1. Amide H of Lys222: which non-local residues (sequence gap of 5 or more, or other chain) have their own amide H closer than 5 Å, using H built in the peptide plane?
2. Provide the net charge surrounding Gln424, with neighbours chosen by a C-beta distance below 11 Å and charges set as Lys +1, Arg +1, Asp -1, Glu -1.
3. How much accessible surface area, in Å² rounded to 10, belongs to the heavy atoms of Asp236 with a 1.4 Å probe?
4. Could you pull out every residue, at least 5 positions away or on a different chain, whose amide H is within less than 5 Å of the one on Thr635? Hs are placed 1.01 Å off N in the peptide plane, and Pro or chain starts have none.
5. Tell me, what HN-Hα J-couplings in whole Hz come from the Karplus equation 6.51 cos²θ - 1.76 cosθ + 1.60 at θ = phi - 60° for each residue of region 529-537, using x for Gly and Pro?
6. Would you mind putting 661-674, 548-561, 501-514 in packing order, based on average other-beta-carbon counts within 10 Å, highest first?
7. Using a Förster radius of 35 Å, what is the FRET efficiency between Phe409 and Ala710 based on their Cβ-Cβ separation? Nearest 0.05, please.
8. Which order do the peptides 492-499, 45-52 take when ranked by the mean count of other beta-carbon atoms within 10 Å per residue, highest first?
Amino acid sequence: MPCIGQNSDTIYVLENPPSSASGLQARSYDFNNGVVSPPITIEAATNFSLGSLCTFSNETFFLTGQVNGSPVLYSTRMPVIDTSPFIAFPGFAAPRGNAQDAAAAAAATFPSFLEFNSMTSIPDRSGNDCVVLSGANQAIVTCAHANAIMLDLEPGIAGILGLDNRFELLVFYRNYTLAIDFRLATDAIQRGVAFSPRSTQGSILRTYEHPPGTEPVPLIGKVVQVKNSDDPSHVDLLLIDSKRDKTSELYRMSLDTLDQTVQMTRYNLPTSSVSSTWHDISFTVLDPGTTTGRNATVYFVGTGANQHDLVTHAVPLAELAASSSSSSSSGMDSRTMAAAVAGAIVGLVICVLSVICLCFRRRIKSWRRQQQQTKPLLPAFDTEKKNMDDHVIIRLELPRHELEKLGPFVEGEIAILEGRYRLQPQNGPDSVAGSDTGRAIPMREATDRDGRLQTIHYFSDSKVFLRCVRTTTTAAAAETSSIHMIKTSEAIHLTRRTPQGFRYLWITSPSPPDQSLGHVIQHRPAAIHFEDMAFKAWTTYILLEALRDLHQQVQHVHLGLTPSCFHYVDINHVTAWRLAGFYQTCQRGSPLPKDIKLNAWSAPEITSHLTRLSRQPQKNKTAAAEEEEESFETTAQPAMDIWSLGCIIWMLATGHRHLPHLNSPTEIAIACKEAAAVHEAFGPLLRDMIHLDPNARKPAAALAAYWKDALNLLDDVQAVVVS
């Protein structure tokens, strides 16, 4: 069986060559264009025999197999085929540990992979890759640069999935699901001891009890996370049972992390020639603007008759649901059928009447529009206007063929908005902003008539659109306009939605996702000297100044800061960062937005506020205490942004791609000490930012002044670096 992984719009396949039981070859399949690459032999794996389990994460394959008869667990990178020797995870074939029972149990299972039915990967707190193998009665985890240990879990495991964006390990049982803090498990890995979540305080984050009468979780052969949910309180999964024939079934599981409920939906696989030969599934979302997966497509990938011809089959998720419902209604009796026919006739009559009313209503609206003069595009954006009136937001009516060209996912260079802008080719999968903030805002680069690069942001929600426009308009109208924030060029309200459902366009100075600080931290572009202290020093200073301008000049609080909210202008001015991502920004001291989204950088008081709202009022609390608590937690305060920016600067200083636990003074002190090892000035700075007491966090202006003096940053040098 081949090993299959999916990244963006490409499927990668690793398999033994057809002429030999050992060795390894790689292929890629572009399911947008249907192009299959020729097989590429991996010379370093000539003696490797592929096992039955593999997982794919962050462009890395993790494989079980054998080399000269000895079991091994290997890793290799894609899409550039890694022709260097595979990296065997240390200690996998020879476990060690202080827990003799765990080591003996692990040693007994390592010679054979037959008892394991699923495999997943997840990074530890340092960003190193870890692999988890699970069977019905055991689970083993091993990380790079560490030995393997046993996970002490209850028998009856149906499968395991690692959520790398949450540091959570989901353990599926028949009637409930556990969410485990994986960072505590990796601490045990470093010590080489068995880890039991039920005996380790705080390791079990949530227990999802499946409601009575719901489908029990099958023995999972594959589980995939739906990654484009706009709501971070929900985890949406697709999973499939372990059978590899026509009777296999696809499930959809939705976990609510707030009320800890589970919803299970079962789908029948479609009947096709590929359903009996497919080996693995990949899942992708065609429309990043959706939150329910209605436009999602499930890609079935298998092998042909000779077990080496790659076969693919794409089925919309909505059609899977229809297939399931239609099969369950095939046994209707005559009485039920008559009722259905009568209902269909009544429905048809209602539809006809609705169409007549709709046509009549459209004719009235058309007549009214003829009596009014449609407002044309304004010649320029007036930055002096503070009011949100028609001089700032342009109300524009476009014909249908213009709306079809306007979407963010239209291919090619196309002139839009009566030739005012020209869309540029898409930059690939990074064309969606706000994914790390719990929101997904499609973006597209465009040039205006003068050839200047602009960014178009697409909104379906008027509240989020208005926040972005208000914040940048207020900043532009301030007495001293900040150079550290993106600028609004135009804001457009369409009278009709685009075919993709967007109605609001926010056109700004350039802010492409692949020029964000988040992209730099995660991908380390070769042109940027990330480890250079000069880069870190100036970046830290500009981030502090940007937040200072937002708090002092604009009198707004961001409430959604992440590394992806900062964008550099161009590669020659890589520290000229501009603040963006104003999706939940509000005035200082105003109530927190009701639709506020949490992210990994959110201040603890925001998390506590939302947790408190989701529960019933606490008893035995005095009215004075409640009033004091409400006065801070329910209003937007600059200290909330200071915490978030402190976490971002910690990642910048240490180079870590993920945040550690910061739930206690001890954990915060350890994090600050690690940053101070890079440069001593980071220690005092972060101690004044990452503090559990909001009143102990210093304002951005004071922090920027301290950093400038501590690093001896000169104004004339700054003008050269960030101009």
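The values are calculated or read from the model by the stated rules, or taken from the named source; none is laboratory data. Nothing here was measured: the structure is a model prediction, and the numbers come from that model. Don't worry about glycine lacking a Cβ; one is built from the backbone with ideal geometry, like all the others, and counts go over all protein chains shown. All accessible areas refer to the heavy atoms of the entire protein, side chains included, with ligands and DNA or RNA removed. Shrake-Rupley method; radii C 1.70, N 1.55, O 1.52, S 1.80 Å.
1. Those lying under 5 Å, H to H, from Lys222 are Ile240.
2. Numbers: positive: Arg422, Arg444; negative: Glu413, Glu445.
Residues close to Gln424 contribute a combined charge of 0.
3. 30
4. Leu592
5. Result, ordered by residue: 7, 4, 7, 5, 5, 5, 4, 5, 5 Hz.
6. Result, highest mean first: 548-561, 501-514, 661-674.
7. Taking R0 as 35 Å, the efficiency between Phe409 and Ala710 is 0.15.
8. Packing order, densest peptide first, comes out as 45-52, 492-499.
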